[in-house]
Amino acid sequence: AELDLVRTLARNAGAYDAIPTHLWAKGGAGAVELAQAVARCCTNKAESGAEGFRFLYDNNLSIKEKIETIAKQVYRAASVSYSEEAERKIEQFTASGWSSMPICMAKTQYSFSADPALKGAPEGFDLPIRDIRASLGAGFIYPLCGAMATLPGLPTRPCFYDIDIDEDSGDIVGLF
């Protein structure tokens with residue numbers, strides 16, 4: 001009953017739909033109905049009453065223009081500043097022909113700004129970009145905002161190839 005109430009309230013408030021998911025219990029199968037609803041919403045303009053899905057920016061914009069569009073229109077930043085490293089990477093990525101890739105911002109989840117202590121929905125701040133990296137296999141560029149840390153990527157050759165059991169001693173070798 002509660003889920004039906006939430007769905008009704010969401011629709012009445014203007015949401016296209018509200019779909020319960022069960023990813024935690026069923027994996028991807030638990031989100032199929034949600035994925036179908038998102039696809040319907042994005043493609044069915046007449047049913048949704050909206051203009052349909054559109055990207056925030058054109059991928060043909062420069063890397064800086066895309067970053068600044070996200071910063072100003074989504075995060076409500078007044079400006080964006082770039083470290084020397086970020087400026088160098090923008091030039092390098094543009095020269096390499098990667099500037100048409102989409103942008104995926106890497107920033108703290110605690111604030112729209114890059115400062116995790118700046119809670120709520122601040123406006124008018126500067127969003128510092130300290131570095132920019134490319135995830136070429138996935139096909140996107142990700143600026144690092146503020147002190148954001150990232151996890152290391154996987155090697156091209158999985159380490160399990162080097163793990164074995166020493167037949168003489170029975171010890172596992174190659175773990176470290």
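General observations
- Among LEU61, CYS104, GLY174 - extreme Cα towards positive end, dipole of the chain, charges at beta-carbon: LEU61
- Cα shape, the chain, gyration tensor, a/c 1.5 rule: oblate
- Theoretical ellipticity at 222 nm over the chain - DSSP helices of four or more residues, -39500 (n - 2.57) apiece, nearest 500: -8500 deg cm²/dmol
- Electrostatic dipole magnitude of the chain [Cβ: Lys, Arg +1; Asp, Glu -1; Cα centre; debye, to 20]: 980
- Total lysine pairs in the chain at Cα distances under 20 Å, for residues eight or more apart or on different chains: 9.
- When all protein chains stay in place and ligands, DNA and RNA are ignored, the 1.4 Å accessible-area order of ARG88, ARG7, largest first, is ARG88, ARG7.
- Total charge dipole magnitude, segment 68-166, about the Cα centre, Cβ charges on Lys, Arg, Asp, Glu only, Debye to nearest 20: 380
- Calculated FRET efficiency for the pair SER169/GLN109, C-beta based, R₀ 41 Å, to 0.05: 0.30
- Beta bridges from DSSP with both residues in segment 1-148: antiparallel share about 50 percent, rounded to the nearest 5.
- Comparing ASP126, ASP162, ASP17 in a Gaussian network model of the chain where C-alpha atoms under 10 Å apart are linked, the largest mean-square fluctuation is found at ASP162.
- Taking segment 101-142 and a reference point 7 angstrom along Cα→Cβ of GLU87, the backbone N atoms nearer than 17 Å belong to 127-132.
- Residue range of the chain that is longest and free of GluC sites (Glu not before Pro) which are both DSSP loop and sparsely packed (at most 16 other C-beta within 10 Å): 52-122
- Annotation: LEU9 carries an accessible surface of approximately 100 Å², with a 1.4 Å probe and no ligand, DNA or RNA atoms counted.
- Accessible-area value, SER79, 1.4 Å probe, nucleic acids and ligands omitted, Å²: 40
- Within the accessible area of the chain (1.4 Å probe), percent carbon and sulfur: 56
- Largest GNM mean-square fluctuation across GLY97, GLY124, GLY137, computed for the chain with C-alpha springs under 10 Å, falls on GLY137.
The values are calculated or read from the model by the stated rules, or taken from the named source; none is laboratory data. In this text the structure is predicted, and so the values were computed from the model without any measurement. Please note: Cβ atoms are built from the backbone with ideal geometry, for glycine as well, and neighbour counts cover all protein chains shown. Note: areas computed on protein heavy atoms with side chains; ligands, DNA, RNA excluded. Shrake-Rupley method; radii C 1.70, N 1.55, O 1.52, S 1.80 Å.
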